[in-house]
Amino acid sequence: ELSNSNFVLYANFTSVQGVNLGSEVVLAGVKVGTVTDIELDKESFQAKTTLSLFEDYKLPEDTEAVISTEGLLGGNYISLNVGGSDIVLNHGEELLYTQSSTSILNLLSKFTSQ
């Protein structure tokens with residue numbers, strides 16, 4: 001399942017709303033890969049994403065994957081926030097720190113109901 005051409009990492013999210021196959025993976029504002037698979041983990045009921053990076057960026061193991069939005073009308077992408085660990089992630093490993101997408105509609109309803 002691991003492709004030879006890319007460096008693959010996995011990340012589980014409680015919601016990947018707005019993220020699709022082909023969504024960008026971004027580090028410091030630079031596109032470093034794409035989302036190549038999304039499936040439901042039937043045990044945890046989380047969305048398991050496959051992130052195919054263009055190369056091995058030697059990311060620390062405490063790097064966080066955060067679903068971010070390109071403004072109100074833009075699509076979502078996964079942003080990698082680099083951690084400070086000396087231990088780097090290997091091909092096929094899982095990012096343990098993730099932050100799911102926040103629905104803009106949910107946010108708006110919270111503000112309007114107060």
(Q) Just the residues that are open to solvent by 20 Å² or more (accessible area, probe 1.4 Å) and in contact with a Leu (Cβ under 8 Å, 6 or more places away or on another chain), please, taken from region 13-30. (A) 27
**Q.** Neighbours by Cβ (under 9 Å, 6+ apart or cross-chain): first from region 17-45, over 18 Å from residue 79 (Cβ atoms); second open to solvent by 40 Å² or more (accessible area, probe 1.4 Å) and of a type in the set (A, V, I, L, M, F, W, C)
**A.** 37/21
(Q) Condition (residue is touching a residue at least 60 places away in the same chain (Cβ under 8 Å) and either part of a loop (DSSP other than H, G, I, E, B) or touching a Lys or Arg at 6+ places or on another chain (Cβ under 6 Å) (or both)) applied to region 67-89: is it met by at least one residue? (A) yes
Q | Considering residues of region 35-67 that are under 14 Å from residue 92 (Cα atoms) and charged (D, E, K, R) only, the residue most open to solvent (accessible area, probe 1.4 Å) | A | 58
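The values are calculated or read from the model by the stated rules, or taken from the named source; none is laboratory data. Everything quoted here is computed from the prediction, not taken from an experiment. As a convention, Cβ positions derive from the backbone with ideal geometry for all residues, glycine included, and neighbour counts pool all protein chains shown. Please note that ligands, DNA and RNA were not included when accessible areas were found on the heavy atoms of the full protein model with its side chains. Shrake-Rupley method; radii C 1.70, N 1.55, O 1.52, S 1.80 Å.
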